[in-house]
Structures are given as C-alpha cells and as structure tokens.
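See below for the structure under consideration.
The values are calculated or read from the model by the stated rules, or taken from the named source; none is laboratory data. The model shown is predicted, which means the values in this text are computed figures rather than measured ones. Here the Cβ is made from the backbone with ideal geometry for all residues, glycine too, and neighbour counts use every protein chain on show.
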Amino acid sequence: MKKERSLAGRLMQYGALALFVHLAACSDGAPPPPPATRGEQPDTAATPAADERLVVAFGDSLYAGYNLDQGKGLAPVLERALGARGIKARVVNAGVSGDTSAAGLARLAFTLDGLPRKPDLMLLGLGGNDMLRGLSPMETRANLDAILAETQKRGIKVVLTGMLASANMGPDYAAAFNPIYPELARKYGAGLYPFMLDGVIGQRNLLLPDGIHPNDKGVTVIVGKLAPLVADALRQET
C-alpha cells in the first residue's frame, strides 16, 4: 500500500506539471515543441562491429537527450549500461524532441532505411506529446500500431516504453490512453517498460528545471530500470 500511495503521489505531481505544459501548448501563440538541442541530434549511425548488437532508440525528447550534454542522453548511457552487463551494443539515438506518434510514423522508414543494417532491437517511446496536446488516443493507438506493424514486417524486435495520461486529462482520457501500450505490446509480442518516467517524475533532483525532462541523474535512474529489460531482449535474440 505504501508503494501504491507513493506512485499515486508521483502521478499527481506529474499531472500538475503536465497541466502547465498542456495549457501552454493549447494557448494562442504558444511556443512550438522543444527543438532539438545540443547532444540530441539523431545519430548518423556508423556500421557496428561484427560482434556488436545494433539498437535504435526511436522516440521523442525523453530519448533524444533534451538539453543534456553529449554522452548523457538515453542512448549513450544505455550503451554503457549494456556494456557493463557484458553486451557489446551500439545504441543509435533516433529521438527527436517534440515528435508525436504521427511524426514518428512519418519518419520511421527513413530512419530504419538509414541504418547500416537491420537493428537487433528497437526501443519505441512515442505518445507523450500526443497526450500533452490532448490528441485523440485513437490516433495515438493507430500510429503506434502502424509503427509496430512495420517493425514486425521487417522482423525487428521491439521494446515499448509506455506513458501514462496526466491527471488533468481526466478519467475518460486516461481510460482510453493508458491501455494503449500494454495492449499493443501483447498484440505484437513486444517487450514493455510500462512508464518511462517511473522513479523520476516528481523528483526535482532528477529533473531539468522544466520539471518534466530528466537531467543526467534522472537518465541514469531510467536506464538502471530499463537496461535489464533491454539486455534480456538482446540475449533472447542471440
């Protein structure tokens, strides 16, 4: 019960923070989504060594390394964490800040075709910007479904990192949005990390000043939870 209360508290904080962002995004003359900044331009993938696994991290600002120095975003930190687990891997940063699920779907083929070879694993983390903008969960589901259908067609294994609707979106929106990730993971046999910001949201020492994006310490916390799942998925592919 204590753990449940703690999670509920973090989600309430998340809802309050997301409310600010959501209202800003919906107001007249609101600024555009955060642009790509230092350390977060999608990688130009070099050919991995013969004994390296190729992982592509395909998502939004939470993947991109928004406002973090080079080497401190999700992709490089995860690459080092996999190495510490004895897995030689090249993790390609294909995160773009501000991307919705529709934007991700639009660039999917270009991204995959630009890799040196078929990846051994794709991390998929989109939908958070859809939720913050109040876009239809049906559209989010359809876009993510299309992305997963394409990766299945190409024979690419996927780990899906989920998002939860913020409290201010209301129970009806949450009831439509929150099941998207577990249901699509089951449909396509994908791995699932249920909530990308678990253990980070609401913890000011783990977040940038905007209160939403993880700082370098927050990325380390996320990777500490995510890396075992990714490592298991890669071992299953061996």
- Query: A174 versus (1) surrounded by fewer than 16 Cβ atoms within 10 Å (Cβ to Cβ); (2) farther than 13 Å from V158 by Cα: which is the lone unmet condition?
  - Reply: (1)
- Item | Set G189, G98, G114, G127: member being out of contact with any helix residue (DSSP H, G or I) (no Cβ under 7 Å at 6 or more places or on another chain), in contact (Cβ under 8 Å) with a residue 24 or more places away in the chain and not aliphatic (A, V, I, L, M) | G114
- In the stretch 209-228, which residue that is out of contact with any Leu (no Cβ under 8 Å at 6 or more places or on another chain) and either of a type in the set (A, V, I, L, M, F, W, C) or within 16 Å of A81 (Cβ to Cβ) (or both) is surrounded by the most Cβ atoms within 10 Å (Cβ to Cβ)? T220
- Restricted to the stretch 182-194, and to residues that are part of a helix (DSSP H, G or I) and out of contact with any strand residue (DSSP E or B) (no Cβ under 8 Å at 6 or more places or on another chain), which residue is surrounded by the fewest Cβ atoms within 10 Å (Cβ to Cβ)? R186
- Message: I want to confirm something. Restricting to the stretch 90-143 and keeping residues that are hydroxyl-bearing (S, T, Y) and surrounded by fewer than 24 Cβ atoms within 10 Å (Cβ to Cβ), which single residue is nearest to A165 (Cα to Cα)?
- Response: S136
- Go through the residues of the stretch 166-181 one by one and say whether even a single one is at pLDDT below 95, within 26 Å of N67 (Cα to Cα) and outside any helix (DSSP H, G or I). yes
- Task: Considering every residue within the stretch 73-87, establish whether at least one is surrounded by 17 or more Cβ atoms within 10 Å (Cβ to Cβ), modelled with pLDDT of 95 or more, among the charged types (D, E, K, R) and in a helix (DSSP H, G or I).
- Result: yes
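Yes or no, residue by residue, for (1) basic (K, R); (2) part of a strand (DSSP E or B); (3) under 18 Å from V77 (Cα atoms):
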{"site": "G202", "(1), (2), (3)": "no, no, no"}
{"site": "G211", "(1), (2), (3)": "no, no, no"}
{"site": "K217", "(1), (2), (3)": "yes, no, yes"}
{"site": "G224", "(1), (2), (3)": "no, no, yes"}
- Query: With respect to the numbered conditions (1) part of a helix (DSSP H, G or I); (2) in contact (Cβ under 8 Å) with a residue 24 or more places away in the chain, which one is the sole condition not fulfilled by L197?
  - Reply: (1)
